[in-house]
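Rule-based calculations on the coordinates, nothing more; no lab input. It should be emphasised that the depicted structure is a prediction, and the values quoted were computed from it without experimental measurement. Glycine gets a Cβ as well: all are built from the backbone with ideal geometry, and neighbour counts include every protein chain shown.
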Protein chains: 2
Amino acid sequence: MVDDLFPSPASLDKASIEEGTQLAPAFDANGLVTCVTTDADSGRLLMVAHMNAESLRRTIETGEAWYWSRSRKTLWHKGDTSGQIQTVVEMCVDCDQDAVWLRVKVAGDGGCCHTGRCSCFYRRVPVGKGICEPLEKED
Amino acid sequence: MVDDLFPSPASLDKASIEEGTQLAPAFDANGLVTCVTTDADSGRLLMVAHMNAESLRRTIETGEAWYWSRSRKTLWHKGDTSGQIQTVVEMCVDCDQDAVWLRVKVAGDGGCCHTGRCSCFYRRVPVGKGICEPLEKED
């Protein structure tokens, strides 16, 4: 099981953080790590969000994605109201443990973005231009 | 060309930010947006980093990945010393414009992580366990 509190990275040396088996998330000044969420089947990038210690703990314990909503300042069980529950197929952590990656299966209508799209990333920024434009294959 | 300064999202309404063609990055209190970088060929998640306005401007103008190093507090042209230049194949922005996604081709030895690996995400966190363990197929 997951401890209530994760150890501080400050209690570990660099080699342990980068190469060890101890999960010691490097929360930022706001107590958050970045979370990248991709579709486990297609590999598509769905969203970028944030997790505090409690949302990270719940995600690990339940196998469903819990985030921290920075705008609402609340724990956010993705899909609670929309039905778009994200079941974790695999969770990874990066070298310095300040970012996690969720590969998920999306329930409900399969959507993710509050605009109704499958992915929050539906616009490209062309090289050399300070604009964004719809992707040709927008879902 | 890209303006020296991006417009503030505060100058736009929600619909324009989410559905418009105006790039108006929502920099956080530290002046940063999150950047997710994936391999354009394999789709693999390589790294998560941050960009300030200047690194975002340079990335858009040059078609190569520029980040902001939070630890060194400097602009960071990825690959300048390692040769692992990241050429942007496609850049996307998310719904609320506080995250960008780079699909890149990596030059040099094809690596990305400072530990020598192709990706910074080389450890998984099993559901129900507060540990991390090497991915079976680590590069």
Restricted to the range B:24-45 and to residues being among the hydrophobic types (A, V, I, L, M, F, W, C) and surrounded by fewer than 22 Cβ atoms within 10 Å (Cβ to Cβ), the residue nearest to B:TRP66 (Cα to Cα) is B:LEU32
Is it the case that A:ARG72 is surrounded by fewer than 23 Cβ atoms within 10 Å (Cβ to Cβ) and assigned to a strand (DSSP E or B)? no
Only one of these is out of contact with any Pro (no Cβ under 9 Å at 6 or more places or on another chain), more than 12 Å from every other protein chain (Cβ to nearest Cβ) and in a loop (DSSP other than H, G, I, E, B): B:GLY128, B:GLY108, B:GLY116. Name it. B:GLY108
Restricting to the range B:119-133, what's the tally of residues that are surrounded by 20 or more Cβ atoms within 10 Å (Cβ to Cβ) and out of contact with any Phe, Trp or Tyr (no Cβ under 8 Å at 6 or more places or on another chain)? 6
Quick test of your reading of the structure: A:VAL48 fulfils all but one of (1) of a type in the set (A, V, I, L, M); (2) touching a residue at least 60 places away in the same chain (Cβ under 8 Å); (3) surrounded by fewer than 18 Cβ atoms within 10 Å (Cβ to Cβ). Name the failing condition by number. (3)
Output yes when any residue across the range B:74-87 is of a type in the set (Asp, Glu) and either touching a residue at least 24 places away in the same chain (Cβ under 8 Å) or farther than 26 Å from A:ALA53 by Cα (or both), and no when none is. yes
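Tell me the residue from B:ASP39, B:ASP28 that is among the acidic types (Asp, Glu), touching a residue at least 40 places away in the same chain (Cβ under 8 Å) and within 17 Å of A:ASP94 (Cβ to Cβ), please.
Just one listed residue meets the conditions, B:ASP39.
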Residue that is farthest from A:GLU133 (Cα to Cα), among those in the range B:80-102 that are part of a loop (DSSP other than H, G, I, E, B) and facing chain A (nearest Cβ under 10 Å): B:ASP98
Please go through (1) under 16 Å from A:PHE27 (Cα atoms); (2) over 15 Å from the mean Cα position of the chain (by Cα) for A:ASP41 and return the number of the only condition it doesn't satisfy. (1)
A:ALA99 being over 25 Å from B:PHE6 (Cα atoms), surrounded by fewer than 22 Cβ atoms within 10 Å (Cβ to Cβ) and in contact (Cβ under 8 Å) with a residue 24 or more places away in the chain: no
Just the residues that are over 13 Å from the mean Cα position of the chain (by Cα) and either acidic (Asp, Glu) or under 14 Å from A:ALA99 (Cα atoms) (or both), please, taken from the range A:58-68. A:GLU61
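Can you name every residue in the range B:1-52 that is among the aromatic types (Phe, Trp, Tyr) and farther than 26 Å from A:TRP101 by Cβ?
Here is the first cut: in the range B:1-52, the residues among the aromatic types (Phe, Trp, Tyr) are B:6, B:27.
B:PHE6, the sole residue that qualifies.
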